Amino acid sequence: MYKLVYNEWLEYKGLSAEESKELSSISGNEKEIEYRFGKDLEFGTAGMRGIIGLGTNMMNVYTVRRATQGLAKYIIDLGEKEKKRGVVISYDTRKYSYEFAYATAVTLVSNGVKAYLFKNVHPVPMLSFAVRKLKTIAGIMITASHNPKEYNGYKVYGEDGAQMSPDAMAKVVEYINDIESPLSDKIIYDEEKANKIIMVGKGVDRSYYKQISKLSLSQEEIKQVGKTIKLVYTPVHGSGYIPVTTVLKKMGINPFIVPEQTVYSSEFPTVKLPNPEFKETLDLGIKLAEIKKADIVFGTDPDCDRLGVAIRNDKGDFISLSGNQVGILLLDYVLRRLSELGKLDKNSFVVKSFVTTSMAIKIAESYGVEIFEVPVGFKFIGEKIRELDDTNKKKFLFGFEESCGYLRGTHARDKDAVVASMLFAEMACYYQVKNVNIYDRLNELYKKFGFVFDKTESVEYTGVDAMDKMNEIVAGLKKISIKEVGNIGIKATRDYSTLTRTEGKEKTEIKCTKCNAIYYELVDGGFICVRPSGTEPKLKIYYSIPETTEKKAKALFEKVKEDFEKHIK
């Protein structure tokens, strides 16, 4: 079947000479042809993401047009008012990001749906903000986030600025699936209508900067040390350069910037991976920090929704903080400052994904703030904000995921590394005034609440059946009963596909959105969770292991991991 689809593409008259050459070059390569044409690129709850190239299972203008045609039909059926509200589109520095964004905008206006397009690269949080500011019915971000340079993606946002809800996305997918092929005549694409595209004005940027500047919590401390504190920032060739430096400058904080990595580049030439959660990605920033005698290095990924941080330890060496560690530092800082300023509303809440460190629960409870756990995916944090803050039931203070995603404020409904960069920089100012460094503060938290070792293991799969293989493993785990791992008892098991929590013979309902994950509550307050990634072909295994000391926690983790992997195998 895939050979027939491949030949259909080869014979398609609309291909450019370069595209025809690309398809001809894989002639005879059965494995490559099967990968590219053996299935459609999956459009899941996070949109679609894949390797750039021609084929039904690849990211290209044809698969982008097909997805957009489905979204356009969904909006058209909502009504004339929604068509006029339109869709705002942004993109990052990845290969073909602009071309995909332009193809998206043209497809929308060809279908009579208003389309706003940013004039240049803008990050995820500014796209989320623009949806709310312009009151559009949807938003689209062209990005593959932190994936390797060979990837790009297409993320869809709802009218609240959060990634589109699973129910709404399921309806969009139905419309997309009605279009049999990315080459179908059902796709309306008229480039003569491109003059109908509305370019997003600078007023949206100004409003965003004004809004997030209000979130600052340590203005007096910034006045004291902001101009002299030694911090290093790198945008890693991505869209964060202008917004992050603009906000810090407005606040009066002057970080050192890694010059080689301010250049927009789809090749990300100075790093192996454009993922700042890896210390190697921050290497140039660390080298600059050594020269400038700085103690903190932070960086953002291509679409600036993730923040990675490296700090000096007690020996003066740079260590990379995990997303969980940055999250608990920021959570504690936000709650501490609000408390000190007399602005900590007890009728407030924070949110974390259920695979994020168990230590966050202890921190929130110590300040008397309610904490909610949601499935993996920042859209669910956005849903909780809509449910509680938008209805004035409770006030949202902070949300985060272990995958280096953080949000303070309700201006956006997705991870915001611009705000996270601002908060981390001002937190450094706050603690410098108190003569405390970030590493010391992290250890103070561990001393107060007990050490928790959080680790995410990833098992990568290849081939068109990668998702099937991962789902099979998770399904297998659900069929067996595990009483303990590493001599730690399992208190309860949560099956998020059936929303059932089982403790002994008692079964209770989990109140959240369904997802494919199996979660083991450990008797000591930690957990193990297994789920397939929604954005890349990886099986994710999350461990959160509490202990009295770091040494004991790491030793226990190794024992737990070894034992648990036997069940997976």
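The values are calculated or read from the model by the stated rules, or taken from the named source; none is laboratory data. Keep in mind it's a predicted model, so treat the numbers as computed, not measured. Neighbour counts run over all protein chains shown; Cβ positions are idealised from the backbone, glycine included. Remember, those area values only see protein heavy atoms, side chains included, never the ligands or the DNA or RNA. Shrake-Rupley method; radii C 1.70, N 1.55, O 1.52, S 1.80 Å.
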- Message: I need the full set of residues from the range 318-349 which are part of a helix (DSSP H, G or I), of a type outside the set (Ser, Thr, Tyr) and surrounded by 21 or more Cβ atoms within 10 Å (Cβ to Cβ), in order please.
- Response: Gly323, Asn324, Gln325, Val326, Gly327, Ile328, Leu329, Leu330, Leu331, Asp332, Val334, Leu335
- Residues in the range 251-260 that are more than 15 Å from Glu221 (Cα to Cα), open to solvent by 40 Å² or more (accessible area, probe 1.4 Å) and not in a strand (DSSP E or B) total 2
- For the range 103-124, name all the residues that are under 19 Å from Asn152 (Cβ atoms) and in contact with a Lys or Arg (Cβ under 7 Å, 6 or more places away or on another chain). Ala103, Val106, Thr107, Val124
- Quick one: count up the residues across the range 515-558 that are out of contact with any Asp or Glu (no Cβ under 9 Å at 6 or more places or on another chain), in contact (Cβ under 8 Å) with a residue 24 or more places away in the chain and either hydroxyl-bearing (Ser, Thr, Tyr) or exposed (fewer than 15 other Cβ atoms within 10 Å of the Cβ) (or both). 7
- Note on the structure: Exactly one of Lys315, Lys384, Lys393, Lys352 is surrounded by fewer than 18 Cβ atoms within 10 Å (Cβ to Cβ) and more than 23 Å from Ile286 (Cα to Cα), and that residue is Lys393
- Task: Just give me the residues in the range 117-131 being open to solvent by 10 Å² or more (accessible area, probe 1.4 Å) and either touching an Asp or Glu at 6+ places or on another chain (Cβ under 7 Å) or over 21 Å from Lys95 (Cα atoms) (or both), in sequence order.
- Result: Val121, Phe129
- Item | Check on Ala46, small (Gly, Ala, Ser) and either in contact with a Cys (Cβ under 9 Å, 6 or more places away or on another chain) or buried (at least 24 other Cβ atoms within 10 Å of the Cβ) (or both) | no
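Let me confirm something: among Arg441, Arg494, which residue is of a type outside the set (A, V, I, L, M, F, W, C), open to solvent by less than 40 Å² (accessible area, probe 1.4 Å) and outside any helix (DSSP H, G or I)?
The conditions single out Arg494.
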- Task: Give me a count of the residues in the range 455-474 that are open to solvent by 40 Å² or more (accessible area, probe 1.4 Å), over 21 Å from Thr356 (Cα atoms) and of a type in the set (Gly, Ala, Ser).
- Result: 0
- Could you run through the range 186-204 and say how many residues are open to solvent by 60 Å² or more (accessible area, probe 1.4 Å), in contact (Cβ under 8 Å) with a residue 40 or more places away in the chain and among the charged types (D, E, K, R)? 4
- Within the range 82-183, strands (runs of 3 or more DSSP E) holding 3 or more residues that are free of Cβ contacts under 8 Å to residues at least 24 places away in the same chain: none
- Item | Qualifying positions in the range 188-220 - assigned to a loop (DSSP other than H, G, I, E, B) and out of contact with any Ser or Thr (no Cβ under 7 Å at 6 or more places or on another chain) | Ile197, Val200, Gly201, Lys214, Leu215, Ser216, Leu217, Ser218
